[in-house]
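First up is the structure itself, then whatever we jot down about it.
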Amino acid sequence: MPPTNQALRVKLRTFDCTAAVMSSSSAHQILRDTFGYTSFRGAQQAIVEHVAGGGDALVLMPTGGGKSLCYQLPALLREGVGIVVSPLIALMQDQVDALTQLGVSAAFLNSSLDADAAREIWGRLLRGELKLLYVAPERLMTEGFLNLLERLQQENKIGLFAIDEAHCVSQWGHDFRPEYRALTVLHERFPGIPRIALTATADAPTRREIIERLALEQAQQFVSSFDRPNIRYRVTLKDNARKQLQTFLENEHPDDAGIVYCLSRKKVDETAAWLKEQGWDALPYHAGLDAAVRNKNQRRFLREESIIMVATVAFGMGIDKPNVRFVAHLDLPKSMEGYYQETGRAGRDGLPANAWMAYGLGDVVSMRQMLLSGDAPEERKRVELQKLDALLGFCESTACRHQTILRYFGEEHPGDCGQCDNCLTPVDTWNATEAARMALSCVYRTGQRFGVAHLIDVLLGKATPKIEQFNHQQLSTFGIGKELAQQQWSSVYRQLVAAGFISVDMEAYGGLKLTEEARPVLKGEQEVWLRRDADPVKRSSSKAERGSRIREAFAGANEDPLWQALKAKRMELAREQGVPPYVIFHDSTLLEILNHKPQTLDAMGRISGIGQAKLAKYGDAFLQVVEDVANGS
């Protein structure tokens, strides 16, 4: 049904700065004039055209790959409002702030709004004044909201449904949300409205479940590469993890925003407090904190430049901050999906970023204990343990980190990345067959019930009270391993666990036991080659050596007065409007302004990321900054 004159007037009033764009119905023109980009990336154009044409889609695209554009732009092309199902309040707020800056009429409905604010949004929705509405799945599933949607559908006022973070529908996923499973109602009650489900993380089983649970069997699938070439992955062995973290931050990220993940709430609090004592602007975030404290800390992280957030996995999904320059793990994540999702929060702007992790065998024992002690069904526990084993294999791998990650998600990498730790400093390996036989034999001789520390004491021939208690000094393996140091034996056991020769028996409180794979090694039928652990990285004494890769990306920008002035103007405008600085302009946009030094509004408008609305709002202000610095004022 064609829009009425009243509907057209509403559209013109709502899109006063993009009316010309909308009249052409051109995806490329909207991309340029509204979003400020001259070309699509990857599969974006195909997705936009498919959904704008009324087709359903399942989109798998890495974090920072431009997923939001895949539903935002079709929503602008189609009649009516785009309803976006999103699991997190922070994500909704960020998206709406960013769209408002672009001149797009957007809003959200969630528990953060009071009754008056919610009624105002409902009114704007009914009057056809919104192009995008973000809503939590719990709110969408209420009968009152579904009835409202049916009323809008009858008036041709719904353009599309977007289901963000679609992996939340999977019980095998790392962010399972039961309410997501009810979203099949969108297909049942609104069959004529296109749906687009999006996620950055989904292995093959999770992908199948998304399709089944959301009734997307007929949807076209768009699977982009999972590779994040701008992220440098590094894994190091724990050796005073706090000091290792401090060295990493001092050497590479002295002034950057980042996230440090810890397994427990207690460790989050202690690590944040310790970092603060060392002079870092660090904040804690976990579900045990008061909601007001969590919101305050999250707000600071989003709206200030150099905050370090120390958090459990409760923090991060849907966080849109593009200039997170590092993600550090002080504990092992639960799975490859979790690791990929968490590290993917770094470098969303496409500029270089680091994913750094310190881990040890104790992490494996702790994580297995946590998984097995939960209330999940046995089948799910088995799957989770398999996922943990895959992550452990990634940690111990001598291959390119990018290759290993992509292979896990069923994708091949064309060659070594040339920038992860294994590619930059290839791992030395050694024939550890005899050491492995000693280690495995010691597990067997002691009854397959003791942990690593005790086993190493037996191999080294230490006369400890525990060894005397169990009479283990009488074993044939007592003292046979003195040629290796304690740290070397720890490495051997860690890698034997990762390779599947030994498993961790949680019923024996973390004791080690042999697997079937150990049999041919013990019988002398199979060689074992292990990686030789590198020496811990020492703290750099020269500030000039610190963070060279990250600094190179900014090509000396940090020392340039214009760069400092541009960032200061961005922060001033952001504070005036109560939005994060990156909502004004991304770092990548400021870098283009720095490098091109535009002298006119027309030249400013050709900078990537500056659409017509932002040009009208901020063009003159940033041109003045360029002129003032050039004149030395």
message = Cut-off under 24 Å on the C-alpha distance; same-chain residues fewer than 8 positions from K617 excluded. Which lysines are left, in chain and number order?
response = K11, K131, K321, K567, K569, K597
query = Tilt of helix 378-396 relative to the longest C-alpha principal axis of the chain, in degrees (0 to 90, nearest 10)?
reply = 80 degrees
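State the percent of C-alpha pairs, over all pairs in the stretch 181-269, separated by a distance greater than 18 angstrom.
That fraction is 66 percent.
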query = Could you name the aspartates and glutamates in cross-link range of K296, using Cα to Cα under 13 Å and dropping any fewer than eight places away on the same chain?
reply = E304
ask   = Restricting attention to the alpha-carbon atoms of the stretch 231-424, what are Rg (one decimal) and Dmax (integer), both in Å?
value = 16.4, 47
message = Within the stretch 388-413, name every residue whose backbone N is under 19 Å away from a label modeled 7 Å from Cα of W529 along the Cβ vector.
response = 393-401, 403-404
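Please compute the Kirkwood hydrodynamic radius over the stretch 354-510, one decimal place, Å, based on all pairs of different Cα atoms.
Every distinct Cα pair counted, the radius reaches 17.5 Å.
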ask   = With the calculation restricted to Cα positions, what are the radius of gyration and Dmax of the stretch 429-531 in angstrom?
value = 12.6, 37
task = For Q473 and E179, compute 0.36 nm times the residue count separating them, minus their Cα-Cα distance, and round to one decimal in nm.
result = 100.1 nm
ask   = Per the Debye formula with a single identical scatterer at each Cα and no solvent contribution, what log10 I(q)/I(0) holds for the stretch 244-289 at q = 0.29 Å⁻¹?
value = -1.19
key: Gained length - A115 relative to E143, 0.36 nm times residue gap less alpha-carbon distance   = 8.3 nm
query = Taking the DSSP beta bridges in the chain as the whole, what percent of them are antiparallel, to the nearest 5?
reply = 15 percent
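As a footprinting exposure proxy, order V185, V84 by other Cβ within 10 Å, with the fewest listed first. Show your work: numbers first, answer last.
Working: V185 13, V84 27.
Lowest count first: V185, V84.
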request  = Rounded to whole Hz and in sequence order, give me ³J(HN,Hα) for the stretch 255-269 from the Karplus expression 6.51 cos²θ - 1.76 cosθ + 1.60, θ = phi - 60°, writing x for Gly and Pro.
outcome  = 10, 9, 7, x, 10, 10, 9, 10, 6, 10, 4, 4, 5, 4, 4
request  = Per residue of the stretch 227-233, in order, report the coupling 6.51 cos²θ - 1.76 cosθ + 1.60 (Karplus, θ = phi - 60°) as ³J(HN,Hα) in whole Hz, putting x for Gly and Pro.
outcome  = 5, 10, x, 7, 9, 9, 8
request  = Give me the orientation-averaged projected area of the Cα convex hull of the stretch 141-240, in nm², one decimal.
outcome  = 9.6 nm²
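Could you work out how much longer the chain between E155 and D505 gets when fully extended? Use 0.36 nm per residue separation minus the Cα distance between them, nm to one decimal.
This chain segment gains 119.9 nm when fully extended.
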remark   = The computed P(r) of the stretch 554-630 puts the percent of Cα pairs beyond 21 Å at 16 percent
task = Could you grab the Rg to Rh ratio for the stretch 5-223? Cα atoms only, Kirkwood for Rh.
result = 0.94
Principal-axis tilt of helix 587-596 within the chain, Cα atoms, nearest 10 degrees = 70 degrees
Spacing of the two label points (7 Å from each Cα toward its C-beta) at W430 and Q487, in nm = 1.2 nm
key: Label-to-label distance, nm, for residues given as A287 and R606 (7 Å Cα→Cβ offset)   = 5.2 nm
inquiry  = Restricting to DSSP H runs of at least four residues, report the calculated mean residue ellipticity at 222 nm for the chain, -39500 (n - 2.57) per run over all residues, nearest 500 deg cm²/dmol.
reply    = -13500 deg cm²/dmol
ask   = With Rg and the Kirkwood Rh both taken from Cα atoms, where does Rg over Rh land for the stretch 53-150?
value = 0.94
message = Per residue of the stretch 111-120, what does 6.51 cos²θ - 1.76 cosθ + 1.60 with θ = phi - 60° give for ³J(HN,Hα)? Whole Hz please, x for Gly and Pro, Karplus curve as stated.
response = 5, 6, 8, 7, 4, 5, 5, 5, 5, 4
request  = Compute the acute angle (0 to 90°) between the alpha-carbon long axis of helix 612-630 and the principal axis of greatest extent of the alpha-carbon atoms of the chain; round to the nearest 10°.
outcome  = 70 degrees
ask   = Where does each of 53-61, 522-530 land if you order them by average Cβ count within 10 Å, highest first?
value = 53-61, 522-530
task = Could I have the simple spin-label model distance between K243 and A273, label points 7 Å from Cα toward Cβ, reported in nm to one decimal?
result = 2.2 nm
task = Under 22 Å Cα to Cα from K381, which lysines show up? Leave out anything in the same chain fewer than 8 places away.
result = K334, K513
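Read-outs throughout are calculated quantities, based only on the coordinates presented, and are distinct from any laboratory measurement. Remember, it's a predicted structure, so these values are computed and weren't measured experimentally. Cβ sites come from the backbone with ideal geometry, for glycine too, and all protein chains shown count toward neighbours.
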